[in-house]
Amino acid sequence: MTADKTNLLNLDRRDLEVFFAQLGEKPFRAIQMMKWIYHERVTDFASMTNLSKTLRERLAECAEIRPPQVVLDQPSRDGSHKWLIRLDNGNSIETVFIPEPDRGTLCVSSQIGCPLDCSFCATAQQGFNRNLTVAEIIGQVWQASRLLGDQRNGHRAITNIVLMGMGEPLLNFANVVKATDLMQDDLGFGISKRRVTLSTAGVVPALYRLREVSEVSLAVSLHAPTDELRNELVPLNRKYPIAELLAACKNYIMDKPHRRITWEYVLLDKVNDSEQHARALAALIRDIPSKVNLIPFNPFPGTHYQRSRPVAITRFQAVLMAHGLTTVIRKTRGGDIAAACGQLAGQVQARGHRLNRMAQLATG
Ligand code: SAH
């Protein structure tokens, strides 16, 4: 193991400058290093020919470039990919690539499992282990871009990144912000600012902080137009109810022209998919620049929910559109490899569950 070495994938541009300063080197070494790591995908210091031999040897002693390892690549019939990425202690996470004619979207995980326990999500059933490090988050992009190659159908393979995989990104705030900075940095992956989207169930205080430090686009998992229903589907709502969430969202895009909130709304048969629900949703977000993503529920083993009927889905969309809301129905992609929204599971050594079991054992 290499625990005492600094994994340079954990450092954003500013951290790398500090790192090289500590080695007595000039700040431009950070620029050279980022180009090697993210543009050339070189992990071996010996190959970094524009660094002096002494510096290369020094780096080999105190640092490493160690992305997490892809252990399984599952291609879908529709061109999507799902990669299983192994981490420590029997944990693994999943990363998904979704190609479309004019773009390629990478869906990245931010935690091992998730602590939020949304009632309709497969990841919730896995429990929660820990936050991902910066290296583990940016490492998903690094591995995907290596496996896909730079170009695809005449454009960059990865044009968009969404933090919509496993986990709640705003509960891993510092690491997620650094990783998204590296995604957007020209010396990192150089993805356009608007095209890096963070999806949250609504950690309200973190939304106010995010506005101050980041320029990611925001998607919010709303799923219900009333607190009563949302409390049931997204338990985090009991802590941060809808009114507080909407205020934080308005604040996030305030004074940012051309920005809007993407609302995600999973359609569950006879739970949240009536015309009244659609009208209440439209009223709720009326004065916020918005786009609505309707996600027909993706079933997983053990769930008691069902996907809304096609007629309910189109009716829901029609009501929102009649209220002037841009509304798209998210196509299910990668369904054959369980890579669709809410189906990501990986392998999580859930601490919560284990502790419960230990408590049970302790009390006989
Ligand atoms: N925790 C963040 C990031 C996860 S994003 C968030 O809640 O936004 C994953 C998206 O897929 C979320 O909008 C989530 O609500 C949705 N989702 C979860 N389970 C689903 C399922 N079974 N079918 C369809 N969408 C689901």
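Pairs of alpha carbons in segment 1-105 separated by more than 25 Å make up 37% of all such pairs. Shown for segment 1-128: the carbon plus sulfur share of the solvent-accessible area, taken with all protein chains present and a 1.4 angstrom probe, equals 49%.
Figure note: 215, 100 ranked by solvent-accessible area, largest first, 1.4 Å probe, ligands and nucleic acids not counted: 215, 100.
In units of the compact-protein estimate 2.2 N^0.38 Å, the chain shows a Cα radius of gyration of 1.03. May I ask what percent, to the nearest 5, of DSSP beta bridges between residues of the chain are antiparallel? Expressed as a percentage, antiparallel bridges in the chain total about 45. Relative to the longest principal axis of the Cα atoms of the chain, the long axis of helix 310-322 lies at roughly 90 degrees. Where both bridge residues fall in segment 1-156, DSSP classifies roughly 90% of the beta bridges as antiparallel.
Per-residue SASA remark: residue 314, around 80 Å² accessible (1.4 Å probe; ligands, DNA and RNA not included). Taking amide hydrogens as placed 1.01 Å from N in the peptide plane, the amide H of residue 128 sits under 5 Å from those of 114, 351, 352, 353, each at least 5 positions away in sequence or on another chain.
Per residue, the chain exposes 46 Å² of accessible surface when a 1.4 Å probe is rolled over the protein heavy atoms with every protein chain present.
Under the convention that each Lys and Arg Cβ holds +1 and each Asp and Glu Cβ holds -1, the size of the dipole of segment 69-363 around its Cα centre is about 200 debye. So which of 35/291; 26/178; 5/250; 239/291 end up more than 32 Å apart, counting from Cα to Cα? Table pairs above 32 Å Cα-Cα are 35/291; 5/250.
Where only DSSP H runs of four or more residues are counted, the chain gives -10000 deg cm²/dmol as its mean residue ellipticity at 222 nm, each run worth -39500 (n - 2.57). Cross-link partners of residue 193 among aspartates and glutamates, defined as those whose alpha carbon lies under 17 angstrom from its own and excluding same-chain residues fewer than eight positions apart: 12, 181, 185, 212, 215, 255. Charge dipole (Cα centre; +1 on Lys/Arg Cβ, -1 on Asp/Glu Cβ; no other charges) of segment 211-281 amounts to roughly 200 debye. Taking label positions 7 Å along the Cα-Cβ direction at both residue 208 and residue 283, the computed distance is 2.8 nm, reported to one decimal.
Only aspartates and glutamates eight or more places from residue 331 in sequence, or on another chain, were considered; those with a Cα closer than 18 Å are 78, 100, 102, 264, 269, 273. A simple packing score, the average count of other Cβ atoms within 10 Å per residue, orders the peptides 250-259, 71-80, 122-131, 141-150 as 122-131, 141-150, 71-80, 250-259, with the highest score first.
The values are calculated or read from the model by the stated rules, or taken from the named source; none is laboratory data. None of the values given here were measured: they were computed from a predicted structure. Virtual Cβ from ideal backbone geometry, glycine too; neighbours counted across all protein chains shown. Surface accessibility is based on the protein's heavy atoms, side chains included, excluding ligands, DNA and RNA. Shrake-Rupley method; radii C 1.70, N 1.55, O 1.52, S 1.80 Å.
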